[in-house]
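Take a look at the structure below.
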Amino acid sequence: MEEQIEAVQRMQNYIQIHLYENISLADLAKVSLYSPWHSYRLFVRWLNRTPADYIRRLRLSKSALKLRDGQSRVIDIAFEIGFDSVDGYQRAFFREFGCNPHEYATNPIPLYLFTPYSIKLANVRKEKTMESVKNVFIQLIEKPARKVLIKRGVKATDYFAYCEEVGCDVWGLLTSIQSISGEPVCLWLPNVYIKPGTSEYVQGVEVPTDYSGVVPERFDVIDLPASKYMMFQGKPFEEEDYAEAIEQVWSAIKKYDPSVIGYAWDTSNPRIQLEPIGTRGYIELLAIQ
């Protein structure tokens with residue numbers, strides 16, 4: 001089983017690197033170290049979709065972000081991601097997201113983007129004992145007053161419980177909304193922001209205080225004041241070692257005393273978790289006052 005997961009991960013990595021190239025089943029078989037037929041079967045078994053569908057959805061989702069940010073024209077994006085015509089791209093975009101790319105570029109709305117997760121992360125939920133605590137970078141940052149569009153869970157206090165309650169697809173929707181911080185966030189909410197019967201842990205996206213865009217169905221909007229945060233960032237890590245990377249940052253947080261710089265923890269503001277990305281290290285932000 002572990003060999004199969006490693007093979008699928010290698011195929012995922014190859015697709016990520018060569019996304020806008022012509023990727024054949026032979027290419028995937030070469031990196032998976034299995035035959036084309038067996039590589040295809042493994043891909044479908046572990047990722048629940050064919051390689052072609054995976055590549056198509058990922059390309060369309062990447063193109064949506066470019067349209068949202070005004071990076072390119074529709075015609076340029078269509079050819080960049082491998083379509084032979086603009087009409088073909090428009091039809092595929094509409095089938096995937098239910099709107100025309102021209103309309104979306106003019107008025108971006110929240111979309112459920114395809115955000116594939118590493119197969120190794122999905123199948124390696126392990127708790128590792130830290131051999132040694134590595135260096136954790138700490139920085140004081142300021143956040144402006146802002147709104148946060150959040151999707152509440154039921155009882156969740158962490159990511160895995162939240163995904164079981166809400167589903168992991170919500171992250172793709174949050175990614176499609178332009179954020180003042182550049183990416184979605186996970187929050188541990190103070191009691192004042194928690195509605196009866198909903199979770200402490202939520203996912204959301206920070207937007208300006210004058211945000212007038214679409215609020216997705218079953219989302220709430222909360223207002224957060226301008227505040228100061230201590231950002232704790234661990235060293236880069238291998239993706240399968242995310243649990244250890246998180247524990248190392250949590251250990252550093254427990255040991256840190258903000259009074260050494262004249263502050264105290266501010267429990268009236270949410271604790272913030274960013275997506276664990278191995279190349280940048282695990283990041284959490286805790287409010288101070």
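If you go through the stretch 57-75 and keep only what is in contact with a Lys or Arg (Cβ under 9 Å, 6 or more places away or on another chain) and over 19 Å from I177 (Cβ atoms), you end up with just S72. Residue count for the stretch 219-237 under the criterion of being modelled with pLDDT of 95 or more, farther than 16 Å from L285 by Cβ and in a loop (DSSP other than H, G, I, E, B): the result is 1.
Quick check: is even one residue across the stretch 259-272 surrounded by 15 or more Cβ atoms within 10 Å (Cβ to Cβ), over 20 Å from P184 (Cα atoms) and not hydrophobic (A, V, I, L, M, F, W, C)? The answer is yes, given that some residue of the stretch 259-272 is surrounded by 15 or more Cβ atoms within 10 Å (Cβ to Cβ), over 20 Å from P184 (Cα atoms) and not hydrophobic (A, V, I, L, M, F, W, C).
Using the structure shown, decide if R91 is at pLDDT 90 or above, basic (K, R) and farther than 30 Å from Y229 by Cβ. Break it down into steps so the answer makes sense when it comes.
On the way: at pLDDT 90 or above: yes; basic (K, R): yes; farther than 30 Å from Y229 by Cβ: yes.
So R91 fits the description; yes.
When the stretch 61-78 is filtered for residues that are within 18 Å of I15 (Cα to Cα) and either out of contact with any helix residue (DSSP H, G or I) (no Cβ under 8 Å at 6 or more places or on another chain) or not assigned by TED's automatic domain parsing to the domain that holds E21 (or both), only K62 remains. Among the residues of the stretch 149-205, those that are outside any loop (DSSP other than H, G, I, E, B) and polar (S, T, N, Q) comprise T175, N191, Q203. A Cβ distance below 6 Å, combined with a sequence gap of six or more or placement on separate chains, defines the contacts here; from the stretch 233-257, residues that are under 11 Å from V136 (Cα atoms) and touching a residue at least 40 places away in the same chain (Cβ under 8 Å) reach residues that are in a helix (DSSP H, G or I) and not small (G, A, S) in the pairs G234/Q248; G234/V249. One residue stands out among those in the stretch 260-289 that are among the small types (G, A, S) and under 17 Å from the mean Cα position of the chain (by Cα): the one that is modelled with the lowest pLDDT, which is G278. Condition check: of a type in the set (S, T, Y) and under 19 Å from the mean Cα position of the chain (by Cα). Does S72 satisfy that? So S72 fails the test.
Here is the figure for the stretch 14-59: residues that are surrounded by 15 or more Cβ atoms within 10 Å (Cβ to Cβ) and in contact (Cβ under 8 Å) with a residue 12 or more places away in the chain total 22.
Return yes when L58 is in contact with a Pro (Cβ under 8 Å, 6 or more places away or on another chain), closer than 29 Å to P110 by Cβ, aliphatic (A, V, I, L, M) and assigned by TED's automatic domain parsing to the domain that holds P101 and no when it is not. Yes; evaluated as a whole, the condition is true for this residue.
The values are calculated or read from the model by the stated rules, or taken from the named source; none is laboratory data. Please read these numbers as outputs of a predicted model, since none were measured by experiment. Here the Cβ is made from the backbone with ideal geometry for all residues, glycine too, and neighbour counts use every protein chain on show.
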